[in-house]
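Student: The structure is given below, and queries will be raised subsequently.
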Amino acid sequence: MKRFMLTLIALLVLHGQIGLSNAVAAGNAVSSEVRKDVERTLDLWREGRYEDLYHRVIESGGHTKEYFISYLAAAPRRPSCCWEKMQEVRVTVKDERRATLKAKFGFDTGTGVEFMTRGLKLEKDDGIWKIQMSEVLSLSGKGKKVSGGKKKSN
């Protein structure tokens, strides 16, 4: 009987670990998906593809698509390329439709690269993890300087 109980306990522990590892793997997959979607959004912005970018943001503040496009076209900051774009990335998945991504973002300013650490709230809509429009407008730097930034000359 003692041997049976030990075997049963071992199986239950093993089953729990398998379930936990599956949950971790699923969380890692979602985190990777969130990161890739944010990177794609930043790439569209850097490339000046504002109409495509508009479809990757959550509308807020009653701004029209035309306003959004003209605002970003005149903004002093654009996401940097490559390794400067996003560093020290941490994704927190809240549920299947909500996540937060915190990272150190690099932005080209015309005179160098400005880095800032920010957290972005994301929502999954139409299969894409989207950022609030207000966050994109804020990151663009038009109208006011975002605090916490550091410049690096190229």
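Student: Contour minus end-to-end for residue 102 and residue 47, with contour as 0.36 nm per residue of separation and end-to-end as the Cα-Cα distance?
Tutor: Values: separation 55, 0.36 × 55 = 19.80 nm, distance 2.25 nm.
This chain segment gains 17.5 nm when fully extended.
Student: Let me ask something else. Determine, from the Cβ-Cβ distance of residue 87 and residue 60 and an R0 of 30 Å, the FRET efficiency 1/(1 + (r/R0)^6), rounded to the nearest 0.05. Before the final figure, lay out each step's value.
Tutor: Values: r = 27 Å, r/R0 = 0.89.
Once rounded, the FRET efficiency stands at 0.65.
Student: Taking square-rooted eigenvalues a ≥ b ≥ c of the alpha carbon gyration tensor, is the stretch 35-154 rounded, prolate or oblate, where a/c under 1.5 means rounded and, failing that, a/b exceeding b/c means prolate?
Tutor: Values: a/c = 1.73, a/b = 1.17, b/c = 1.47.
Oblate, since a/c reaches 1.5 and b/c is not below a/b.
Student: Could you give me the percent of Cα pairs per 5 Å distance bin for the stretch 64-110, shortest bin first, beginning at zero and ending with the bin that holds the maximum distance?
Tutor: Spelled out bin by bin, the stretch 64-110 gives 5, 18, 15, 15, 18, 20, 7, 1 percent.
Student: Same structure, new question: Pull out the extension gain between residue 95 and residue 29, defined as 0.36 nm times the separation in residues minus the alpha carbon to alpha carbon distance; nm, one decimal.
Tutor: Values: separation 66, 0.36 × 66 = 23.76 nm, distance 1.30 nm.
Length gained, residue 95 through residue 29: 22.5 nm.
Student: Separation between the residue 128 and residue 73 pseudo-spin-labels, each 7 Å from Cα along Cα→Cβ, expressed in nm?
Tutor: My value for the distance between the label points is 1.9 nm.
Taken together, the values in this text are just the output of simple stated rules run on the coordinates, not laboratory data. Here the structure is a predicted model, which means the values were calculated and not measured. For neighbour counting, all protein chains shown are included, and Cβ atoms are generated from backbone atoms with ideal geometry for every residue, glycine included.
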